[in-house]
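For reference, the structure discussed in these notes is given below.
Taken together, the values in this text are just the output of simple stated rules run on the coordinates, not laboratory data. The structure displayed is predicted, hence computed values, not measured ones. Because the Cβ atoms are built from the backbone with ideal geometry, glycine has one as well, and the counts that use them run over all protein chains shown.
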Amino acid sequence: MSSESIVLLRKLALRRRLGGISNSTLHDWLSPSSPRHDPLMPRPIQLGANTVAWVESEVDVWLANKVANAKKNSPGSR
């Protein structure tokens, strides 16, 4: 087992980390039935009956990829 600590982000902390997105935006990104679904968005883990959280390191990787893709696809990068 790794000696590194796993840091979990609850929903409000995740939304703030992602620039203050709304609950509905987060739900859309996670929902396969939404036209805004992002299949690469990290899935939450169930901590209890009514408690979920996201693994911070997974969110960091996903976010870094979003930023890299945005820079690669920006008009000034061609």
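Data table
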item	result
Selection from Ala53, Pro39, Gly19 lying farthest towards where the dipole of the stretch 8-77 points positive, charges on Cβ	Gly19
Loop-resident sites, the chain, for GluC sites (Glu not before Pro), counting at most 10 other Cβ within 10 Å (DSSP)	Glu4
Residue order, fewest to most surrounding Cβ atoms within 10 angstrom, among Leu26, Leu12	Leu12, Leu26
Sequence-distant residues sharing a close amide H with Val52 (under 5 Å, placed H)	Leu47
Assigned charges on the beta-carbon of Lys, Arg, Asp, Glu; the stretch 1-73 dipole about Cα centre (debye)	280 debye
Structure-derived mean projected area of the Cα convex hull in nm² - corresponding label in [x] 6.6; [y] 4.6; [z] 7.3	[z]
Helix axis angle, 56-72 relative to the chain longest principal axis, alpha carbon, degrees	10 degrees
Percentage relative contact order, the chain, counting C-alpha pairs under 8 Å, at least six apart	28 percent
Spin-label pair Ser31/Val67, simplified geometry with 7 Å Cα→Cβ offset, distance in nm	2.9 nm
Relative packing of peptides 63-70, 14-21 - highest average C-beta neighbours within 10 Å first	14-21, 63-70
